[in-house]
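One structure is given below, encoded as structure tokens.
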Amino acid sequence: MQEHRVLHVDNLTFGYKNSPILYKDLSLHVNIGEVVSVLGASGSGKSTLFELITNNLVPLKGTITCKEITQVFQDPYTSFHPTYTIKNQIGDVASLEGYEDICNSLELDISLLEQKPHKLSGGQLQRCSILRALLMKPKIILADEPTSALDNITQLEVMKLLVKFLNRVGILLITHDENLASWCSDRIIKL
């Protein structure tokens with residue numbers, strides 16, 4: 001399984017200056033085809049872990065090895081610029097090659113990509129976020145509460161669509177929703 005490993009965190013220790021240590025000797029890994037969920041209360045360090053993985057923060061100790069990575073954020077409305085079409089914004093960061101097939105898999109009407117973000121529902125816009133992430137050809141997707149801004153039915157639909165792509169990626173999911181984590185995860189890490 002080592003050849004399919006897309007994220008390896010080994011003996012990670014981190015704490016903010018003048019604050020208690022958030023984690024000491026935390027280790028985890030994600031392989032292609034897996035969903036690993038990180039559960040914890042607010043302030044437990046879930047989002048900080050993503051900041052460490054993306055090199056926005058430096059650990060006090062430990063190593064992080066990661067293959068090509070992209071993120072799907074909690075609020076799809078703040079992850080797109082309001083004055084440009086979805087297609088233009090995706091094209092700025094990724095090749096659009098094959099986007100029609102991914103749109104079909106995501107049950108996303110291709111014509112919506114010609115719209116500006118405010119014209120789409122939260123569920124449609126989160127599908128666009130997943131489309132953008134997949135077109136960036138990652139090996140791992142960091143999904144930071146990707147369904148929490150959506151209603152319950154749309155949450156489940158979006159997660160079902162995201163896990164369709166496990167043949168090409170691994171997913172590290174931050175969530176506070178234990179039911180969601182239990183439903184989709186190969187492993188759950190509690191902070």
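Quick note: the coordinates plus some simple rules give every number you see, no bench work behind them. If you're wondering where the values come from, they're calculated on a predicted model, not measured in any experiment. Glycine also receives a Cβ, built like all others from the backbone with ideal geometry; neighbour counts cover every protein chain displayed.
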Could you please rank Thr83, Thr13, placing first whichever residue has the fewest other Cβ atoms within 10 Å of its Cβ? Thr83, Thr13
Angle between the chain longest axis and helix 122-135 axis [Cα atoms, degrees, rounded to 10]: 70
Give me the distance in nm between label points sitting 7 Å out from Cα along the Cα-to-Cβ direction at Thr78 and Asn152, one decimal. 2.6
Contact order relative to length of the chain, as percent, for alpha carbon pairs under 8 angstrom and 6 or more apart: 32
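Hey, fewest Cβ within 10 Å first, where do Lys17, Lys139, Lys67 land in order? Could the numbers behind the result be given before it?
Working: Lys17 4, Lys139 19, Lys67 15.
The most exposed by this proxy come first: Lys17, Lys67, Lys139.
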Sorted by chain and number, the residues with a modelled amide H under 5 Å from that of Ile189, at a separation of 5 or more or across chains, are Ser37, Val38, Leu39
Modelling each spin label as a point 7 Å along the Cα-to-Cβ direction, I'd like the His8/Ile64 distance in nm, to one decimal. 1.7
So what's the back-of-envelope 222 nm ellipticity for the chain, counting only DSSP H runs of four-plus at -39500 (n - 2.57) apiece and dividing by all residues, rounded to 500? -8500 deg cm²/dmol
For the chain, whose charge dipole is built from +1 on Lys and Arg Cβ atoms and -1 on Asp and Glu Cβ atoms, the candidate among Ser111, Leu52, Gln71 with its Cα farthest towards the positive end is Leu52
So how do Thr65, Thr154, Thr70 line up by other beta-carbon neighbours within 10 Å, fewest first? Thr65, Thr154, Thr70
Looking at the stretch 2-190 only, what percent of DSSP beta bridges run antiparallel? Nearest 5 please. 40
Which FRET efficiency value, to the nearest 0.05, do you get for Trp183 and Asn18 by plugging their Cβ-Cβ distance into 1/(1 + (r/R0)^6) with R0 = 35 Å? 0.35
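Using the beta-carbon distance between Lys119 and Asp92 and R0 = 22 Å, what value does 1/(1 + (r/R0)^6) give for FRET efficiency, to the nearest 0.05?
0.70
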Taking GluC sites (Glu not before Pro) as candidate sites, keep only those in a DSSP loop with at most 16 other Cβ atoms within 10 Å, then name the longest stretch of the chain containing none of them. 108-191
